[in-house]
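Here the structure is laid out as structure tokens; the discussion comes afterwards.
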Amino acid sequence: MSKKDIYESPDYYLADELLSEEHKLIRASVRDWVKKEVSPIIEDYAQRAEFPKHLIKGLGEIGAFGPTIPVEYGGAGLDYMAYGIIMQEIERGDSGIRSTASVQGSLVMYPIYAYGSEEQKQKYLPKLATGELMGCFGLTEPDQGSDPGGMTTNFKDAGDHYVLNGAKMWISNSPFADIAIVWAKNEAGKIHGLIVERGMEGFTTPETHNKWSLRASSTGELVFDNVKIPKENLLPNVSGLKGPLGCLNQARYGIAWGALGAAMDCYDTALRYSKERKQFGKAIGGFQLQQKKLAEMITEITKGQLLVWRLGTLKNENRATPAQISMSKRNSVETALNIARDARQMLGGMGITGEYPIMRHMMNLESVVTYEGTHDIHLLITGMDVTGLEAFK
Ligand SMILES: Cc1cc2nc3c(=O)[nH]c(=O)nc-3n(C[C@H](O)[C@H](O)[C@H](O)COP(=O)(O)OP(=O)(O)OC[C@H]3O[C@@H](n4cnc5c(N)ncnc54)[C@H](O)[C@@H]3O)c2cc1C
């Protein structure tokens, strides 16, 4: 199926005026790329539950891998506003493609950049930036999801190398990744990050099948059976849960922008459809009930746009707190899910088909509301932040 993508982004409060010319240029180029490369093929890949691997090179070329990583390491050296805009445009196309970009930039390149040795940065970052090397991030385990501190994946010092054992589950990109950033405990119970490379003996990456969500994204496990890890593959500059949580902060920030992209695509589709589809002798957009849905959608999108813009400003100033990022991630995903559900109804029967992107966005967002901290966990983070009282345990 090949369709013309005529998406136009809503900007009810003239929020574009808050962006620089460079930001707008970046947005235009990523939007063009998504319209040309993603929109025409994504439905087919989602239906077939296949990741469109041929998009990797283009994602590298538009700067989607590690936009904020300095140019000397192959990154684009952009600010966080640009990073958010790129994620928004890609997720407007599909959350699965955005997931691949988020994992590569925020969960693989960021930890190497922030916690890695100079040798590790030189060896991996430039190739990850172009997509010549692809990475994945292993934190979640079969028995440890929201509570990663209880992980059992572990490594032992065996003299000139480490020996890694355990398993990770729900790992985006694992079936094709060349390297994995794996979080595991040492003999003292301290969490560290290790760079595990495909081909190491005892390391396998079985694919997870039968997903109804993020079907155009490849998900799998990471299984470690006495894997010998060279000592130089340990990330030297971080230990404890703050390592993986620092990466998640980066990725959650991108999702806060990204999920609004999916919301805007659903709104744009429903608005256009409501003016074209006639029932009872007039366009359905002329009925109050449909206008209520559209009016609420654009209100929530506008609030979300202003929230992420402010978050981007704080992030550029290095002042965005993890709790502020949680609030924005949670708000954007909830907004997008609600809009996708209402937009789908507005399209009637057509809303359940792949002729329109809404149902795919809606199913994708069911993963986005769960990964990178569930909806409930982010609410608990906000609750803890405002009360000073922890309600997790
Ligand atoms: C498609 C997909 C891709 C993913 N990609 C990755 C990846 O690349 N790398 C990676 O490491 N992980 C990844 N994940 C895993 C994801 O981060 C976890 O699914 C998520 O953290 C939740 O963990 P869980 O599924 O084990 O749910 P659980 O933690 O078992 O939670 C189940 C339910 O209990 C609730 N809950 C848990 N604790 C509390 C509490 N204290 N109070 C109240 N309610 C609570 C949760 O909110 C949730 O509703 C991915 C997941 C999916 C679905």
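The values are calculated or read from the model by the stated rules, or taken from the named source; none is laboratory data. Note that the structure is predicted; figures quoted are calculated from it, not measured. As a convention, Cβ positions derive from the backbone with ideal geometry for all residues, glycine included, and neighbour counts pool all protein chains shown. Remember, those area values only see protein heavy atoms, side chains included, never the ligands or the DNA or RNA. Shrake-Rupley method; radii C 1.70, N 1.55, O 1.52, S 1.80 Å.
Specify the residue that is surrounded by the fewest Cβ atoms within 10 Å (Cβ to Cβ); the eligible residues are those in the stretch 120-168 that are among the aromatic types (Phe, Trp, Tyr) and under 14 Å from GLN104 (Cα atoms).
The qualifying residue surrounded by the fewest Cβ atoms within 10 Å (Cβ to Cβ) is TYR124.
Of all residues in the stretch 122-133, how many are assigned to a loop (DSSP other than H, G, I, E, B) and in contact with a strand residue (DSSP E or B) (Cβ under 8 Å, 6 or more places away or on another chain)?
Looking only at that region, the number is 1.
Tell me the residue from LEU271, LEU289 that is closer than 26 Å to GLY96 by Cα and either hydrophobic (A, V, I, L, M, F, W, C) or free of Cβ contacts under 8 Å to residues at least 12 places away in the same chain (or both), please.
Every option except LEU271 fails the conditions.
For the stretch 134-163, enumerate the residues that are more than 10 Å from the ligand (Cβ to nearest atom), of a type in the set (Asp, Glu) and either part of a strand (DSSP E or B) or without any contact (Cβ under 8 Å) to a residue 40 or more places away in the chain (or both).
ASP157
For residues that are part of a helix (DSSP H, G or I) and open to solvent by 60 Å² or more (accessible area, probe 1.4 Å), scanning just the stretch 39-53, find the one that is farthest from GLU8 (Cα to Cα).
ARG48
Could you count how many residues in the stretch 256-284 are out of contact with any Asp or Glu (no Cβ under 6 Å at 6 or more places or on another chain), part of a helix (DSSP H, G or I) and not acidic (Asp, Glu)?
So the count comes out to 16.
Starting from the stretch 343-359, take each residue that is among the aromatic types (Phe, Trp, Tyr) and list its partners that are open to solvent by less than 60 Å² (accessible area, probe 1.4 Å), counting only C-beta distances under 7 angstrom and pairs at least six apart or across chains.
Listed pairs, sorted by first residue: TYR356/THR269; TYR356/LEU347.
Report the residue count in the stretch 205-228 for those that are part of a loop (DSSP other than H, G, I, E, B), of a type outside the set (Gly, Ala, Ser) and either crowded, with 20+ Cβ neighbours inside 10 Å or away from the ligand (no atom under 11 Å from the Cβ) (or both).
Count: 6.
Considering only the stretch 169-203, state which residues are in a loop (DSSP other than H, G, I, E, B), surrounded by fewer than 23 Cβ atoms within 10 Å (Cβ to Cβ) and within 14 Å of the ligand (Cβ to nearest atom).
The answer is PRO175, PHE176.
When you go through (1) touching a residue at least 12 places away in the same chain (Cβ under 8 Å); (2) open to solvent by 30 Å² or more (accessible area, probe 1.4 Å) one by one for LYS36, which number turns out not to apply?
(1)
Filter the stretch 336-370 down to residues that are within 10 Å of the ligand (Cβ to nearest atom), of a type outside the set (A, V, I, L, M, F, W, C) and surrounded by 21 or more Cβ atoms within 10 Å (Cβ to Cβ), then give me how many there are.
Adding up the residues that qualify gives 2.
Which ones in the stretch 371-391 are open to solvent by 80 Å² or more (accessible area, probe 1.4 Å) and near the ligand (Cβ under 8 Å from one of its atoms)?
The answer is ASP376, and nothing else.
Based on this model, can you work out whether TYR253 counts as surrounded by fewer than 24 Cβ atoms within 10 Å (Cβ to Cβ), within 20 Å of GLY93 (Cβ to Cβ) and not acidic (Asp, Glu)?
No; evaluated as a whole, the condition is false for this residue.
Search the stretch 232-250 for residues being in contact with a Phe, Trp or Tyr (Cβ under 8 Å, 6 or more places away or on another chain) and over 28 Å from ASP143 (Cβ atoms), and hand back the single one that is least open to solvent (accessible area, probe 1.4 Å).
PRO236
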